[in-house]
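**Student:** Provided herewith is a single structure, encoded as structure tokens, for subsequent inquiry.
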Amino acid sequence: MTPRRAPTVVVTLAGLGSLVFVVPLVALLWRSPWGSLTDVLTSGPVRTALWLSLVTSLAATAIALVLGVPLAWVLARTRLPGRSALRAVCTLSMVLPPVVAGVALFLALGRRGVIGEWLDDWFGITLPFTTPGVVVAQVFVAMPFLVLTVEAAIEQLDERFEDAARTLGGSEWYVFRRVTMPAVRPAVVAGAVLTWARALGEFGATITFAGSFPGTTRTVPIETYLALETDPDRAILLSLVLVVVSFTVLFALRGRWVGAALRGVRA
Amino acid sequence: MTLVVDARVVVGSMTIAIDVTVEPGETVALVGPNGAGKTSVVRAVAGLVRVAAGRIAHAGDTWDDGVTIFVPPDQRSVGVAFQQYLLFDHLSALENVAFGLRARGQPHRRALAAARTWLDRLGVAELAERRPGELSGGQQQRVAIARALATEPDVLLLDEPFAALDASVRAALRRDLAALPTAPVARLLVAHDAADVHALADRVVVLEAGRVTQRGTLADLAGAPRSSYVADLIGTNLLRGTLVNGSFRSDDGFELTVGAHEIPDGGVLAGIRPAAVALHRERPEGSPRNVWRAAIDGVDVTPDRVRVRLAVPEGLAVEVTPAGFAALSVAPGDAVWASVKASEISVVPD
């Protein structure tokens, strides 16, 4: 490809477009109280929130892997009637306002919810306003990133490799584990990292469904929001942490994110 | 341990009706033009696609009857070598070959040892640790065939195993494959090259547009090709025309005396082997009853023979020795005398 000269109008608008993202980030960096960085990040409430966020987001990622990869396989490989509808439902939370997700979770899993009532009566399990509730909210909102990434990779994988494995004596389950999964591993990794980053930043569904109890449900984004009123320095520095994590993830995935699906295949 | 296939396979809008029996120790070649349905037959025997009707059975066990019985691929004693190799990229050559044994529950160490033996038999033992991406096409196909054989299947399906290879690699692999110790395995070879068929197959089944159009040995086919595809496959000329009182007249008006005494008059196909036609500078005297003059349309020289195309009948291929061609001292465009004995022309009803 030869380098081409871009039209001035396009370049100007593109520049303005990038400013939409650049300006707030620069402002954040500019106004960060760098001097108190260590003090704030090691203070009690912040450490509690950071630890809670780390644990819940990793748990959510693990659950998303266990449930989301099979879901991706079903969406990619079966001729299930209503597959498109199922895909839409399973990825709806990517575009849904998180607060709506929280309301829906509440109606399903709240103490008087459709399933929640039953969980409470029979097993004494309560999800709202608990740490597991935080994880549920994060799974709900973040899992689609994994499902879509892995589904795309499986769809592009030449089915004949799986056929070959079947003729060699592999059961469907053996082939799934030994042929399909290794072939789409890069996409699974990319999807998991994106899912983790999304879970880490989850706010709306979490605060709606799990509330904001220090140590049990007050994750970093919620801590950030609350600190904005009382301790702006803390809010800014926590924001900075989230920005750094998100930026690192996206930057690290730059090659893989797009290339993952393609690399898993190789006909 | 006989493989019996008598089934209809439906792929998209195409129906393939196939009827073939392969005895243990025998290799049957399934030949036909692209899109004839050969690969679909392989997929049906392997259990990768169900038959619509009929039956696939091995050693008396029904594998698929299109209705209630269906034995899944992993429970059939089948090995498949695919045209595109389909080696697993994340595994070494050795692990690829061991895959089937591992899938069948063999311990890791034993599976690898057996795999090594098979790589050795296919002449690629030194490539054991390489990934498929680091192998040439020929090497990949050798590994793929070793992988198909490693589980010691009763039925071996070779789906155009040489199609993607260049000529020299192809010849070497064909030779090595023919030399493999022959277990009592029923082999079905999909091919569209006469040399592959000649080297490996005992019998041939011709599949065209989803129908079996001819079957027999390669010699049977060469003796009396029933379609232009078969004629092309074995390098024979095939003329379509009518037979009247032992005289053949092609559709474009070329007349030949033929020795077909048992064939009733009517539409026929006349087959003329390229080597059965002689070329002369002067009009030949004596026995041949078919002599005509024709211009040379093209000449194709290989080390051991010269293939000449004549303008009459159009495109007729003639094969002569290089010495014989030199003695003619002709070039494309020149006219020569051609002759063929009536007894050398095969005639089958069309």
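**Student:** Name the residues in region B:78-120 that are facing chain A (nearest Cβ under 10 Å) and of a type in the set (Lys, Arg), would you?
**Tutor:** Of everything in region B:78-120, those that are facing chain A (nearest Cβ under 10 Å) and of a type in the set (Lys, Arg) turn out to be B:102, B:104.
**Student:** Same structure, new question: Taking the stated definitions as given, is residue A:224 closer than 30 Å to residue A:41 by Cα and either surrounded by fewer than 21 Cβ atoms within 10 Å (Cβ to Cβ) or out of contact with any Lys or Arg (no Cβ under 9 Å at 6 or more places or on another chain) (or both)?
**Tutor:** Here the answer is no, as residue A:224 does not meet what is asked.
**Student:** Kindly indicate which of B:95, B:129 is part of a helix (DSSP H, G or I) and either at pLDDT 95 or above or surrounded by fewer than 21 Cβ atoms within 10 Å (Cβ to Cβ) (or both).
**Tutor:** Unique residue meeting the criteria: B:95.
**Student:** For the structure I just gave you, tell me whether residue B:221 is in contact with a helix residue (DSSP H, G or I) (Cβ under 8 Å, 6 or more places away or on another chain) and in contact (Cβ under 8 Å) with a residue 24 or more places away in the chain.
**Tutor:** No: the conditions fail for residue B:221.
**Student:** Cβ-Cβ under 6 Å, sequence separation 6+ or interchain: first residue in region B:123-139 and within 14 Å of chain A (Cβ to nearest Cβ), partner surrounded by fewer than 18 Cβ atoms within 10 Å (Cβ to Cβ) and at pLDDT below 90. Which pairs?
**Tutor:** Close Cβ pairs (under 6 Å, with a partner that is surrounded by fewer than 18 Cβ atoms within 10 Å (Cβ to Cβ) and at pLDDT below 90) amount to B:137/B:164.
**Student:** How many residues does region A:175-193 hold that are aliphatic (A, V, I, L, M) and either within 7 Å of chain B (Cβ to nearest Cβ) or buried (at least 24 other Cβ atoms within 10 Å of the Cβ) (or both)?
**Tutor:** 5
**Student:** Under 6 Å between Cβ atoms, at least 6 apart or on separate chains: pull out the pairs that start in region A:56-68 with a residue that is among the charged types (D, E, K, R) and end on any residue that is surrounded by 24 or more Cβ atoms within 10 Å (Cβ to Cβ) and at pLDDT below 95.
**Tutor:** Close Cβ pairs satisfying both conditions: none exist.
**Student:** So how many residues does region B:301-320 have that are in a strand (DSSP E or B), more than 23 Å from the chain's Cα centre (by Cα) and farther than 16 Å from residue B:256 by Cα?
**Tutor:** Number satisfying all stated conditions: 5.
**Student:** Same structure, new question: For residue B:74, work out the one condition from (1) within 7 Å of chain A (Cβ to nearest Cβ); (2) over 27 Å from the mean Cα position of the chain (by Cα); (3) assigned to a loop (DSSP other than H, G, I, E, B) it doesn't fulfil.
**Tutor:** (3)
**Student:** Here is a further query. Residue by residue through region A:37-61, note down the ones that are in contact with a Gly (Cβ under 8 Å, 6 or more places away or on another chain) and hydroxyl-bearing (Ser, Thr, Tyr).
**Tutor:** A:48
**Student:** Can you pull out every residue in region B:233-277 that is of a type in the set (D, E, K, R) and either crowded, with 16+ Cβ neighbours inside 10 Å or more than 20 Å from residue B:317 (Cβ to Cβ) (or both)?
**Tutor:** Within region B:233-277, B:249, B:262, B:265, B:273 meet the criteria.
**Student:** How many of the residues in region B:3-54 are over 21 Å from the mean Cα position of the chain (by Cα) and part of a loop (DSSP other than H, G, I, E, B)?
**Tutor:** Final tally of qualifying residues: 8.
**Student:** I would also like to ask the following. Find the strands (runs of 3 or more DSSP E) located wholly in region B:196-253 whose residues include 1 or more that are aromatic (Phe, Trp, Tyr), and list them.
**Tutor:** Because the criterion is at least 1 residues that are aromatic (Phe, Trp, Tyr), the strands (runs of 3 or more DSSP E) in region B:196-253 that meet it are B:247-250.
**Student:** Quick check on region A:152-174: of everything there that is touching a Ser or Thr at 6+ places or on another chain (Cβ under 9 Å) and more than 8 Å from chain B (Cβ to nearest Cβ), which residue is modelled with the lowest pLDDT?
**Tutor:** Top of the filtered list is A:157.
**Student:** Quick check on region A:156-171. Is at least one of its residues part of a helix (DSSP H, G or I) and under 24 Å from the mean Cα position of the chain (by Cα)?
**Tutor:** yes
**Student:** On to the next question. Restricted to region B:28-55, and to residues that are out of contact with any helix residue (DSSP H, G or I) (no Cβ under 6 Å at 6 or more places or on another chain) and more than 30 Å from residue B:232 (Cα to Cα), which residue is nearest to the other protein chains (Cβ to nearest Cβ)?
**Tutor:** B:50
**Student:** Going by the conditions given, is residue A:217 of a type in the set (Ser, Thr, Tyr) and either farther than 24 Å from residue A:46 by Cα or assigned to a helix (DSSP H, G or I) (or both)?
**Tutor:** Here the answer is no, as residue A:217 does not meet what is asked.
The values are calculated or read from the model by the stated rules, or taken from the named source; none is laboratory data. Worth saying up front: this structure is predicted, and the values here are computed from it rather than measured. Using ideal geometry, Cβ is built from the backbone for each residue, glycine included, and neighbour counts are taken over all protein chains shown.
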